[in-house]
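Please read the structure below before turning to the comments.
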Amino acid sequence: MKYSDPYASGVALGLVLLAAYAFAGRGLGASGAFAASASGTVAAVAPEYAASNPYFGRYLARPGGPWREWLLVEIAGVAIGAFASAALSGRFRVAVERGRGVTVRARIATALAGGTTMGVGAALARGCTSGQALTGGALLSVGSWTFMMSAFAAGYVVAPAIKRAWQ
Amino acid sequence: MNDLLTALVIGLAFGAALEQAGLGSAKKLTGQFLLKDLTVFKVMFSAIVTAMLGVFWLSRLGWIDIATIAVPETYLRPQLVGGLVFGAGFALAGLCPGTSCVAAASGRGDGLAVAAGLFIGVLAAGFTFPAWLAFYDSDARGAWTLPSLLHLPYGLVAFAVVLLALGGFAMAERLESRA
């Protein structure tokens, strides 16, 4: 099924972001949800270590703890909203998207490796495409624009290497 | 609690908007890096321009107080380096953190794998965090914005971003018609 017009869906996305600014005093995010759930998981296994670790400790110290983190609830909403949207538009399909000639195993391996790399980058940059590029971008944050430029620059450097995987 | 309800509702709309745009598909996202399908750029900049102008005009009309919105703080060098690492992973994965959740929720196994990778990545970052904590907190510039960097009025910078986006859209259409 065909997707919606990119400009129209972009404006809709911008209005969602504007609503987040207006009603929550903050923007959107995604990597923070992973950081919060990782912190909660580590705390469940080794509570003392997690509390003393400066990265996990930050999420554990927030009111309500890591499992009531704003971004984690928002991401749960993202999953439900995306599922509903895909189902209603006839696009829900169990599959592994990959280029022709790429095995499922190879695609899963690159997905895992890419995800892991992004996790480290987002931790260092204090956010991802949502929390930095979109949220900070629209608020004209210098750090967010720096992140956006360097992320896409690196993406274009790496892309030719993976070109064959997608064609 | 009310706070978390807001988070859930905003998340629902966020997820639906990304899915409708086609950003739950790794094939579509890698098209951006291969310059074949520039949906990512079009969606991102339509969103940025909409939210930016919305904040600008709503605060001018006195409907919202811009001071209550948290501007992501700048840590210049860590964000530059973090961006490079993130971008390399993004191209490899074909999905970013938010869109990996959209892909997974639309049934895509590669989306689930990217999300699992992200979880491993932040775990690894957390375990090794003490080693790079000093760098993480370095080059702190506070809530630094492009208008204060350029010493230009906010409205003028916003106008420049609109022009940049419109120019980018025209270029994107040209590139796509050639691809």
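Values as computed for the structure displayed
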quantity	calculated
Given charges at beta-carbon only (K, R positive; D, E negative), |dipole| of chain A in Debye	560 debye
P(r) histogram, all alpha-carbon pairs of the protein assembly as shown included - 20 Å bins from 0, percent	33, 61, 6
Over chain B: Kirkwood hydrodynamic radius from C-alpha pairwise inverse distances, Å	18.9 Å
Stokes-Einstein D in µm²/s, Kirkwood radius over Cα pairs - the range B:117-168 at 37 °C with 0.692 mPa s viscosity	228 µm²/s
Averaged over B:126-133, number of beta-carbon atoms from partner chains that fall within 10 Å	5
Under 5 Å, built H, 5+ apart or other chain: amide partners of B:Arg108	A:Ala95
Amide H contacts under 5 Å for A:Ala30, placed H, 5+ residues apart	A:Cys128, A:Ser130, A:Gly131
Dipole magnitude of the protein assembly as shown about its Cα centre (Cβ charges: Lys, Arg +1; Asp, Glu -1), debye to nearest 20	1000 debye
For A:Phe34, B:Phe127, B:Phe41, order by how many other beta-carbon atoms lie within 10 Å, fewest first	B:Phe127, B:Phe41, A:Phe34
Residue mean of other protein chain beta carbons inside 10 Å, A:154-166	6
Relative counts (whole %) of C-alpha pair distances in the range A:21-149, using bins that are 10 Å wide	11, 29, 37, 20, 3
Sorted by Cβ density within 10 Å, fewest first, the residues A:Thr135, B:Thr68	B:Thr68, A:Thr135
Size-normalised alpha-carbon gyration radius of the range A:76-147, reference 2.2 N^0.38 Å	1.44
Whole-Hz ³J(HN,Hα) from phi, Karplus 6.51 cos²θ - 1.76 cosθ + 1.60, for the range A:41-47, glycine and proline x	5, 4, 5, 5, 8, 9, x
Vicinal HN-Hα couplings computed from phi for the range A:55-68 (Karplus, 6.51 cos²θ - 1.76 cosθ + 1.60; Hz; Gly/Pro x)	7, 5, x, 4, 6, 6, 7, 5, x, x, x, x, 7, 10
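Since every read-out is calculated from the coordinates, none of them should be taken as a lab result. Quick caveat: nothing in here was measured; it's all calculated off a predicted structure. Here the Cβ is made from the backbone with ideal geometry for all residues, glycine too, and neighbour counts use every protein chain on show.
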